[in-house]
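Please read the structure below before turning to the comments.
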Amino acid sequence: MLIDSHCHLDSYTAEERAGVLARAAAAGVGEMVTIGTRLARSDEVRAISEAAPNVWFTVGTHPEHAAEEPTPDPQAIAALAAHPRCVAVGEAGLDYFYEGAPHALQRQVFRAHAEAAALAGVPLVIHTRDADEDTIKILQEESTKSAFSFILHCFSSGRALAEVALGLGGVISFSGILTFKKGENVREIARDIPLDRLLVETDAPYLAPVPHRGQRNEPALVVHTARMLAEVKGISEDELARITTANFRRVFAKAA
């Protein structure tokens, strides 16, 4: 069984979700995590999870939306994360590619989510794009304040961030980018990631993997990313599925 560790099921209508979940099951994708991107809409992802026993959820504010809501209180985030089907805080982090929110505000919101993850005892799902240096700085600083586990989702960053993340005990999740023609740098880094630190995801409905690039992504297509990751690591697809599922259970302990 494969698990899609990061998707956005709230991007589909209720009618579309039924088909998405059915196709995932047919492809051998047994579970998935639907990710929160706005704290104000946490009820939506929670309801999706409560309606499907194989769907978990997270709560958080994506850095592109950091200016749309008041700077969150870590205690309030942790309270939302206490729901039994909420397996993580996030996605939160830094995105300097898009100018959706001032960088200083993004950093403040990122730190609040790191504190919330520590308070709630769940991992932090991190989005980082074109912000490796500041992501490294915040991870190093926040990890000295209180312990929290984390996942670098949809990894497309540089080797330095990967090495720092691994040194801090983090896990790295690979999306369809791993299959792209221009994804050789990501594949080279993936080759060096220990097997017990790997996850796979779709980030659906975005970043559909080859051979579906350019189409609307969905959890069933995580099989293509898993196939590429197995090839990169020199192991069978079945072994890759077994390893990433075991990693998922360890990292997202509430889903064990």
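The values are calculated or read from the model by the stated rules, or taken from the named source; none is laboratory data. In this text, all values refer to a predicted model and were calculated from it rather than measured experimentally. Every residue, glycine as well, gets a Cβ built from its backbone with ideal geometry; the counts of neighbours run over all protein chains shown.
Taken over region 167-183, the criterion of being closer than 19 Å to A114 by Cβ and part of a loop (DSSP other than H, G, I, E, B) is satisfied by L168, G169, G170. No other residue among T202, T245 is closer than 17 Å to V29 by Cα, among the hydroxyl-bearing types (S, T, Y) and in a helix (DSSP H, G or I) apart from T245. Residues of region 222-254 that are within 16 Å of the chain's Cα centre (by Cα) and crowded, with 16+ Cβ neighbours inside 10 Å: V222, T225, A226, T244, T245, N247, F248, V251, F252, K254.
Entry remark, region 1-24: residues being in contact (Cβ under 8 Å) with a residue 24 or more places away in the chain, of a type in the set (A, V, I, L, M) and farther than 17 Å from K254 by Cβ number 6 in total. Checked against (1) at pLDDT below 95; (2) within 17 Å of V125 (Cα to Cα), T58 passes all but a single condition, namely (1). Of all residues in region 114-146, those satisfying the criterion of being small (G, A, S), farther than 20 Å from A66 by Cβ and modelled with pLDDT of 95 or more are G121, S143.
So is A82 touching a helix residue (DSSP H, G or I) at 6+ places or on another chain (Cβ under 7 Å) and closer than 17 Å to S143 by Cα or not? Considered against the rule, which asks whether it is touching a helix residue (DSSP H, G or I) at 6+ places or on another chain (Cβ under 7 Å) and closer than 17 Å to S143 by Cα, A82 comes out as no.
For region 108-137, filtering for residues that are in a helix (DSSP H, G or I) and surrounded by 19 or more Cβ atoms within 10 Å (Cβ to Cβ) leaves 12.
Test V186 against the stated conditions and say whether it is out of contact with any Phe, Trp or Tyr (no Cβ under 9 Å at 6 or more places or on another chain), in a helix (DSSP H, G or I) and surrounded by 18 or more Cβ atoms within 10 Å (Cβ to Cβ). No; evaluated as a whole, the condition is false for this residue. For region 200-221, the tally of residues that are over 16 Å from C7 (Cα atoms) and either in contact with a Pro (Cβ under 7 Å, 6 or more places away or on another chain) or crowded, with 19+ Cβ neighbours inside 10 Å (or both) stands at 0. In this structure, F57 does satisfy being surrounded by 24 or more Cβ atoms within 10 Å (Cβ to Cβ), under 27 Å from V223 (Cα atoms) and among the hydrophobic types (A, V, I, L, M, F, W, C).
All told, I177 falls short of being under 20 Å from A27 (Cβ atoms), surrounded by 17 or more Cβ atoms within 10 Å (Cβ to Cβ) and in contact with an Asp or Glu (Cβ under 8 Å, 6 or more places away or on another chain).
Which ones in region 144-166 are part of a helix (DSSP H, G or I), under 19 Å from the mean Cα position of the chain (by Cα) and over 18 Å from P63 (Cβ atoms)? Of everything in region 144-166, those that are part of a helix (DSSP H, G or I), under 19 Å from the mean Cα position of the chain (by Cα) and over 18 Å from P63 (Cβ atoms) turn out to be R159, A162, E163, V164, L166. Just one of the listed residues (V89, V33, V45, V29) is farther than 28 Å from T135 by Cβ, within 19 Å of the chain's Cα centre (by Cα) and buried (at least 24 other Cβ atoms within 10 Å of the Cβ), and it is V29. Within region 167-188, residues that are among the aliphatic types (A, V, I, L, M) have Cβ atoms under 9 Å from residues that are at pLDDT below 95 and not in a strand (DSSP E or B) in no pair, counting only partners at least 6 apart in sequence or on another chain.
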